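See structure below.
The values are calculated or read from the model by the stated rules, or taken from the named source; none is laboratory data. All of these numbers come straight from a predicted model, not from anything done at the bench. Neighbour counts run over all protein chains shown; Cβ positions are idealised from the backbone, glycine included.
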Amino acid sequence: MAKFLVLVIDSFGIGAMDDVAQQRPEDLGANTCAHILQANPDVRLPMLERLGLINALGFQANVMQPSASALFGRSNLQHEGGDTFMGHQEIMGTRPQAPLCIPFSAVIDQVEAALQQAGYQVERKGNPLQYLWVNDAVAVGDNIEADLGLVFNLTANLTLIPFDQVKKMGRIVREQVKVARVIAFGGLIGDNQRIHQAAESKLGQYIGINAPASGAYENGFQVLHMGYGVNAAVQVPEKLHQVGISTVLIGKVADIVENPHGTNYLDLVDSQTILTITLAELQKPGDGFICTNIQETDLAGHAQSVERYLDRLQLVDRHLADILPAIGEGDCLIVTADHGNDPTIGHSKHTRERVPLLVYSPGAPTGDFGLRSSLADIGATVCDFFHAPAPQHGSSFLPLIQTDDSLRSPL
C-alpha cells in the first residue's frame, strides 16, 4: 500500500513574492511565518522544525533551527493575488488563467439575456446601479466582501428554490463571465425582503448583497464555488481515479475541489477534528491520496491575531507528532500552504507569499530541491507517484525527492 498526504496549512506563507511591488504593493514586507515566530522568540514547533520549516524560510526568526535531516523546497504562486480557492485548484493541477476585474454592471446585459434564454424569469433591482433578481428567489450581483470586481455572487433563498436549481443558474453565469470566481450560495432565509434590504453599493460602480446581512449563512447554508478556467476533468482526483486510486479531501479543500469518485469531509473548520480524521484516513489499508486543509490559521490571519495563529500552528505541530510515525516506507507527506495571510502587515486580506514545501518519507534523501514556479507541481508529483496521467499543469519534482524508485507507489 502507499499513501500520499498533502497537508495545507492555509495561509502559512514564508515571504512576499518578488512581484508584489507591481501586483500587490500592500503586501510588501509580508512574511507570515517569520513575523509570527519573531513575535514569539522562545517558541518551538518541533515537528515543523524537524521537517525543515526554518530551512525553507531561509533564516532563523526565533530559537528554531534549520534541520540537517530535512527535505524541503519552496513554491511561488502562479495564480494572481493570493486566493484559497485558486490556490487549491492550482495544487490540483489547474493552469491558472488571468481573470478580468470588472463590475457586474459591465456584464449584466449578457447575463440577463443568458438566464432569460434558459427560461428563467429575470427582473432588475436597484437604482441607478442594478442587480438581477431571478425566479423571485435569487439575487445576482457583485461580491462586495472580496476584492471588488473579481467575484460575482448568486444569493439564494433556499426556502423558495432548491439548491440544484441555483447551481444551474450559477453555471450559466459562469459561462458568461471571466472574473476569477462565481459563487452560488444560499440558506433558508424565509423572507425575500431580507435579501433586498442587504443590497449595498460601493465606489459608485459595484452592487451586491451583503451576505451576512442577508441571513444566507444562518440556516441551511449551501455553496458552490466556480473558478475561471477550472476543469475538474484535468485535475488530480480525476487522473488518480483513472488508475484506481482514491482521493480523500478533508476540510475546506473538500468544499472547493470537485472529487465525485472519492471521499469528502465537508463543512469542517475545527482543526482538531480535521487532523484526527486525517490520521485515521492515513492509517486505513490500501493506496490513496489525502489532501487536508487547516483553515483556522487563515481565519486567524484575517482576524490579525498572532496569538490565535500561533495556537493553531502549535496544534498542527502536536498532531504531526502522530502523523509522521504513520508515514511508512514508500509513503509521502508534503506540508505546504496556498498563500500567506500575515497578521502583522496592516491589513486583513491574504498576502501574496511563496510557500514552504516540506517533504517527509522514510528513506528519502535530504536537502533543498529548490524553488518551484507553481503549486501545480505538487499535483503533478502526486500523479507521478501513483503512475497516473499528468494533470493539466505542473512539473513533477518526484525525481528530486526520491532515491531511485524508493519514493514511488508500486504498480
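Which condition number does residue 209 fail, the rest of (1) in the same structural domain as residue 292 (by TED's automatic domain parsing); (2) buried (at least 24 other Cβ atoms within 10 Å of the Cβ); (3) touching a residue at least 60 places away in the same chain (Cβ under 8 Å) being met?
(1)
From the list 162, 237, pick out the single residue that is at pLDDT 95 or above and in the same structural domain as residue 86 (by TED's automatic domain parsing). Explain how you work it out, then say what you get.
Working: 162 fails: in the same structural domain as residue 86 (by TED's automatic domain parsing).
After ruling out the rest, the residue left standing is 237.
Quick one: which residue in 148, 132 is assigned by TED's automatic domain parsing to the domain that holds residue 208, outside any helix (DSSP H, G or I) and under 15 Å from residue 176 (Cα atoms)?
Values: 148 fails: under 15 Å from residue 176 (Cα atoms).
Matching residue, one of 148, 132: 132.
Only one of 12, 59, 4 is of a type in the set (Phe, Trp, Tyr) and farther than 28 Å from residue 385 by Cα; which? I'd like the intermediate steps shown before the answer.
Values: 12 fails: farther than 28 Å from residue 385 by Cα; 4 fails: farther than 28 Å from residue 385 by Cα.
Answer to the selection: 59.
Which residues, taken from segment 113-139, are farther than 18 Å from residue 184 by Cα and touching a residue at least 40 places away in the same chain (Cβ under 8 Å)?
125, 126, 129, 130
Quickly run through segment 1-40 and pick out the residues that are within 20 Å of residue 344 (Cβ to Cβ), of a type in the set (Val, Ile, Thr) and either crowded, with 24+ Cβ neighbours inside 10 Å or within 18 Å of the chain's Cα centre (by Cα) (or both).
Passing the criteria: 9, 14, 32, 36.
When you go through (1) closer than 18 Å to residue 91 by Cα; (2) within 20 Å of the chain's Cα centre (by Cα) one by one for residue 304, which number turns out not to apply?
(1) is the only condition that residue 304 fails.
Does segment 376-385 contain any residue that is among the aliphatic types (A, V, I, L, M) and surrounded by fewer than 18 Cβ atoms within 10 Å (Cβ to Cβ)?
Residues of segment 376-385 among the aliphatic types (A, V, I, L, M): 376, 378, 380, 382.
Filter once more, so that each one left must be surrounded by fewer than 18 Cβ atoms within 10 Å (Cβ to Cβ): none.
Within segment 376-385, not a single residue is among the aliphatic types (A, V, I, L, M) and surrounded by fewer than 18 Cβ atoms within 10 Å (Cβ to Cβ).
Give the number of residues within segment 301-337 that are surrounded by 21 or more Cβ atoms within 10 Å (Cβ to Cβ), touching a Pro at 6+ places or on another chain (Cβ under 7 Å) and not hydrophobic (A, V, I, L, M, F, W, C).
Qualifying residue count for the region: 3.
Would you be able to say whether some residue in segment 76-85 is touching a strand residue (DSSP E or B) at 6+ places or on another chain (Cβ under 6 Å), modelled with pLDDT of 95 or more and either aliphatic (A, V, I, L, M) or crowded, with 20+ Cβ neighbours inside 10 Å (or both)?
Within segment 76-85, not a single residue is touching a strand residue (DSSP E or B) at 6+ places or on another chain (Cβ under 6 Å), modelled with pLDDT of 95 or more and either aliphatic (A, V, I, L, M) or crowded, with 20+ Cβ neighbours inside 10 Å (or both).
Which of (1) over 26 Å from residue 221 (Cα atoms); (2) polar (S, T, N, Q); (3) not in a helix (DSSP H, G or I) is the odd one out, the single condition residue 153 does not satisfy?
(1)
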